[in-house]
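**Student:** Starting off with a structure, shown below.
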Amino acid sequence: MHILLVEDDPQMADYLRKALIEAGAVVDRAADGREGLLMAAGSDYDVLILDRMLPGLDGLAIVRTLRASGNRTPVLFLSALGDVDDRVEGLRAGGDDYLIKPFAFSELQARVEALLRRGAAEAPETRLRVGDLEMDLLKREVTRAGQSIQLQPREFRLLECLMRHAGRVVTRTMLLEQVWDYHFDPQTNVIDVHISRLRGKIDKDFDPPLLQTVRGAGYRLQAG
Amino acid sequence: MRVAVPALRLRARLARVPRGSIFRLALLYVLLLAGSVGILLGFIYWSTAGYMDRQTTETIEAEIRGLAEQYRRRGLVGLTALISERVASDPVGASVYLLVDERFERVVGNLDRWPSESPDANGWIRFRLREWGTDHTDEHEARAQVFLLRSGLMLLVGRDIRDLEATRYLILDALTWGLAITLALALAGAWLMSATLTRRLDAINQTSREIMEGDLTRRIPLSGSGDDFDRLADGLNRMLERIEALMASVRQVSDNIAHDLRTPLTRLRNKLELLAAALAGSSESRLLAEEAIADAEELLATFNALLRIARLESGSRRAAFGPVDLVPLIEDLVELYEPLAAERDQRLDWTAGASSIVVEGDRDLLFQVMANLVDNAIKYTQPGGHIQLAVDSADGLARVLVADDGPGIAPEFREQVFRRFFRVDDSRATPGSGLGLSLVQAVVALHRAHIELSDNEPGLRVSLSFGRSPQ
């Protein structure tokens with residue numbers, strides 16, 4: 001996992017680099033926009049993490065230039081600008097995801113991993129499997145240990161999202177964005193109730209539990 | 001925020017007719033003009049009809065002087081001779097003479113009998129003149145002076161003023177019509193003038209309304225004629241420019257403060273995260289570090305919410321606006337929050353008045369607003385309560401209703417709940433930042449929508465009304 005981090009705040013960059021390296025990535029860092037663009041264009045990165053506001057050349061300009069020259073490396077924007085407008089602008093410029101500062105490192109990690117998976121050309125899957133939990137995407141059927149499990153449409157999408165990210169943390173915000181398709185800030189952890197309902201259906205009568213809560217981060221579906 | 005919607009439409013309709021002080025001013029002008037024209041016409045009447053009157057008087061007086069001269073020189077015989085001569089030389093009868101004795105018997109003259117009307121102190125008399133000897137009797141007015149001669153005879157000298165009266169009526173008629181036409185023209189002019197002025201003022205009002213709704217970039221259009229209104233608009237525009245510049249600098253400052261505070265807070269949070277990760281499994285220190293992270297996050301969340309509200313309130317950010325169908329939005333919202341309500345044994349229902357109700361807006365912000373309202377309803381309604389959502393459209397407006405049967409909000413607090421950090425519950429026993437409804441109001445204002453809190457008897461009823469998206 002080779003990541004380019006373009007961030008002008010040295011402390012922030014330092015922290016992110018440390019945390020990313022700890023998570024097993026190889027990290028290059030650029031301190032301004034021009035340097036970042038040269039590095040991004042010069043070698044093959046798996047993910048670019050760009051600050052929106054950079055000295056020299058801002059994040060939007062970097063992405064536009066890269067996309068215009070055919071570079072499709074997944075881009076995650078980091079920004080202190082938290083408006084929907086800013087988000088829309090970032091995604092329109094060619095960014096793949098947008099994370100608002102401040103964020104928990106686990107959120108960044110989960111999103112970087114999701115981008116890496118998206119980067120690897122995904123073959124259309126018809127079946128997902130985590131341990132003895134199976135999902136047939138064509139028949140819209142879920143079974144665990146051979147027993148059929150009845151899910152509401154939204155529960156199905158929630159489980160599908162967790163299964164597609166099997167073994168990795170999926171944050172609550174990511175679930176809201178990917179399963180409900182709304183970018184908003186819930187005042188209460190509404191997702192938790194949905195998870196506990198889903199848990200009641202896929203984990204309650206089975207062993208071992210697959211759906212884990214990761215403190216301070218989100219959820220992870222994992223076999224064993 | 002609480003303008004009733006029908007009143008708004010009524011005002012829009014009224015905006016087409018001139019109203020208010022301008023029209024009153026125009027009416028005052030009409031009255032003044034009518035007064036002036038009345039005085040002018042009165043003077044014209046006096047100087048024409050009055051002139052003819054004075055002319056008659058002078059003629060009569062000259063005639064009397066002639067007769068008196070004759071009487072003094074030649075006595076009664078001369079007088080009667082002269083009267084007879086004058087009567088004979090005036091076959092039309094424009095002059096009237098009558099000399100009578102003590103018993104009012106005619107001595108000479110072209111009047112058959114002495115008039116029954118009594119003269120005034122100066123000896124002037126007005127009477128009806130009856131023409132005789134023609135095939136029809138005809139009455140008209142005459143004016144005369146009467147004298148008592150030394151011999152006890154009485155003399156009346158006057159003039160038929162029939163033509164004079166006719167002319168006087170003609171003049172009076174013309175003047176009356178003139179006044180009426182002047183009044184009508186002045187009224188029409190006043191209406192036109194006040195309509196024009198009202199239109200110019202409405203342009204200013206329209207702009208100020210848009211500015212109040214948050215679009216500070218609006219300016220009052222100038223007509224280009226450089227008139228007083230243009231100068232006023234230009235002055236206001238300059239003022240707006242100044243305000244906008246000041247607000248921008250204030251926003252810049254507060255953004256900088258928020259940014260400057262947020263950066264060290266973020267670093268603090270990040271370091272705590274590294275610290276927590278470095279600490280052993282579930283030691284007490286690790287728990288403390290995790291609590292510190294949660295505290296830092298709460299601080300940051302409040303900061304972000306404040307900044308977000310401030311940005312929304314600046315009101316110019318509508319890039320993500322597009323047509324949004326409220327029906328699936330409410331459906332998704334209910335689907336998302338239903339388990340939370342169910343956990344508190346609350347019922348969460350929704351109804352839609354149509355299969356699709358589209359407004360112009362930002363889908364995520366609208367969802368945020370509804371989510372905040374439903375979240376509040378769930379939070380403040382007792383377990384077992386009932387929360388209802390409804391979306392419908394009427395008269396070109398889309399309306400969303402969120403109603404619960406919880407404790408509601410007392411009328412005196414219904415305006416204040418939108419203020420930042422305001423909590424009805426002073427003890428702050430319920431969780432929350434006190435910013436949820438401020439954000440709701442900022443988003444509502446951004447959408448040029450209206451929000452109204454009312455009593456659901458029991459509970460709280462929140463209604464939002466949006467202008468429909470042009471289809």
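**Student:** Within the range A:108-119, does at least one residue satisfy the condition of being modelled with pLDDT of 85 or more and charged (D, E, K, R)?
**Tutor:** Yes, some residue in the range A:108-119 is modelled with pLDDT of 85 or more and charged (D, E, K, R).
**Student:** Tell me which of these A:Ala93 doesn't satisfy, since it passes every other one: (1) out of contact with any strand residue (DSSP E or B) (no Cβ under 7 Å at 6 or more places or on another chain); (2) away from every other protein chain (no Cβ under 14 Å).
**Tutor:** (2)
**Student:** Could I ask something else about it? Using the structure shown, decide if B:Leu333 is within 11 Å of chain A (Cβ to nearest Cβ), more than 39 Å from the chain's Cα centre (by Cα) and in a helix (DSSP H, G or I).
**Tutor:** So B:Leu333 passes the test.
**Student:** Test B:Asp260 against the stated conditions and say whether it is more than 8 Å from every other protein chain (Cβ to nearest Cβ), farther than 24 Å from B:Ser438 by Cα and surrounded by fewer than 19 Cβ atoms within 10 Å (Cβ to Cβ).
**Tutor:** no
**Student:** Shifting gears a bit: Specify which of the listed residues (B:Arg317, B:Arg269) is modelled with pLDDT under 80, at the interface with chain A (Cβ under 9 Å from one of its Cβ atoms) and in contact with an Asp or Glu (Cβ under 9 Å, 6 or more places away or on another chain).
**Tutor:** B:Arg317
**Student:** So, B:Val374, is that one buried (at least 22 other Cβ atoms within 10 Å of the Cβ) and away from every other protein chain (no Cβ under 14 Å) or not?
**Tutor:** Answer is no for this residue.
Residue by residue, here is whether (1) of a type in the set (Gly, Ala, Ser); (2) surrounded by fewer than 19 Cβ atoms within 10 Å (Cβ to Cβ); (3) at positive phi holds:
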residue: A:Glu7; (1), (2), (3): no, no, no
residue: A:Met12; (1), (2), (3): no, no, no
residue: A:Arg17; (1), (2), (3): no, yes, no
residue: A:Gly42; (1), (2), (3): yes, yes, no
residue: A:Leu48; (1), (2), (3): no, no, no
residue: A:Gly59; (1), (2), (3): yes, no, no
residue: A:Thr65; (1), (2), (3): no, yes, no
residue: A:Arg87; (1), (2), (3): no, no, no
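**Student:** For the range A:15-42, enumerate the residues that are in a loop (DSSP other than H, G, I, E, B) and farther than 24 Å from A:Ala61 by Cβ.
**Tutor:** Once the filter is applied, which keeps residues that are in a loop (DSSP other than H, G, I, E, B) and farther than 24 Å from A:Ala61 by Cβ, the range A:15-42 yields A:Ala23, A:Gly24, A:Ala25.
**Student:** So, one more: Which of the residues spanning the range B:141-162 are surrounded by fewer than 16 Cβ atoms within 10 Å (Cβ to Cβ) and either within 53 Å of the chain's Cα centre (by Cα) or of a type in the set (S, T, N, Q) (or both)?
**Tutor:** Across the range B:141-162, the qualifying residue is only B:Ser151.
**Student:** From (1) at pLDDT below 90; (2) farther than 19 Å from B:Leu32 by Cβ, pick out the condition that doesn't hold for B:Thr182.
**Tutor:** (2)
**Student:** Scan the range B:222-253 for residues that are surrounded by 13 or more Cβ atoms within 10 Å (Cβ to Cβ) and either within 14 Å of another protein chain (Cβ to nearest Cβ) or of a type in the set (Ser, Thr, Tyr) (or both) and jot them down.
**Tutor:** Across the range B:222-253, the qualifying residue is only B:Arg251.
The values are calculated or read from the model by the stated rules, or taken from the named source; none is laboratory data. Here the structure is a predicted model, which means the values were calculated and not measured. Cβ sites come from the backbone with ideal geometry, for glycine too, and all protein chains shown count toward neighbours.
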